[in-house]
Structures are given as structure tokens and as C-alpha cells.
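Note sheet for the following structure.
The values are calculated or read from the model by the stated rules, or taken from the named source; none is laboratory data. What you are looking at is a predicted structure, and each value in this text was computed from that prediction instead of being measured. No Cβ is skipped: glycine too gets one built from the backbone with ideal geometry, and neighbour counts run over all protein chains shown.
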Amino acid sequence: MITYRSNQYSVPPKYLGKRLVLQVYDNYLYVYYNTELIVIHPVSAKKLNYTHDHYVAISKQTFKDQTMDIEKIAKENLTQIGAMFKNE
């Protein structure tokens, strides 16, 4: 996750711990690693802003059990996270 204006935005797990550059243009947050554009997020008032694919990727690293339905778990978790932060 990266922070912009006190809100969190997801990045692909392979960029965790790396120095990223943020650029805001037309109400979108562009995130770069060196010169590579890695993700574009709409600027949001929500506290947590996840891209589904990023959440699934980090979940796969967290849950090593290959029999788990990571897609389903990720969808349920993101729904719960969204509900928790809905009014913030």
C-alpha cells in the first residue's frame, strides 16, 4: 500500500518496499517504479483503495494452501474491508 492524502492505495506485491513515484493528473493517481507505470488509481476519499488483482496476489503469498479458493476469499475480504471503511 502507498499513501496519498491520508488514504491507502494498493500496488502489486512485487513493489512492496520499493521506492515508488506518485503523480496526480486529472484526479487519477499514477504510480511509477523508475519509469515503469505500475498502476493507476482514481483519487478517492475512501481510506482503503484496493485493486482486486493486487489483493489476490498478496493473499496468494499469505495463504500457501493451494486448495483454498483465494479469489473467493479475496472478494469476501474486500467486501468486509469496504463495509468497515464505508463511512470514513
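Yes or no: region 27-42 includes at least one residue that is surrounded by 11 or more Cβ atoms within 10 Å (Cβ to Cβ), polar (S, T, N, Q) and modelled with pLDDT of 95 or more.
no
Can you pull out every residue in region 1-15 that is in a loop (DSSP other than H, G, I, E, B) and surrounded by 13 or more Cβ atoms within 10 Å (Cβ to Cβ)?
Hits for region 1-15 are Met1, Ser10, Val11, Pro12.
Of the numbered conditions (1) at pLDDT 95 or above; (2) in contact with a helix residue (DSSP H, G or I) (Cβ under 6 Å, 6 or more places away or on another chain), Leu22 satisfies every one except a single condition; which is it?
Only one criterion is unmet by Leu22, namely (2).
Six or more apart or on different chains, Cβ atoms under 9 Å: show the pairs whose first residue is in region 20-45 and at positive phi and whose second is in a strand (DSSP E or B) and not small (Gly, Ala, Ser).
Hits for this filter: Asn27/Pro42; Asn34/Val21.
Condition test on Tyr50, is it surrounded by 15 or more Cβ atoms within 10 Å (Cβ to Cβ), out of contact with any Cys (no Cβ under 7 Å at 6 or more places or on another chain) and touching a residue at least 24 places away in the same chain (Cβ under 8 Å)?
Yes, satisfied.
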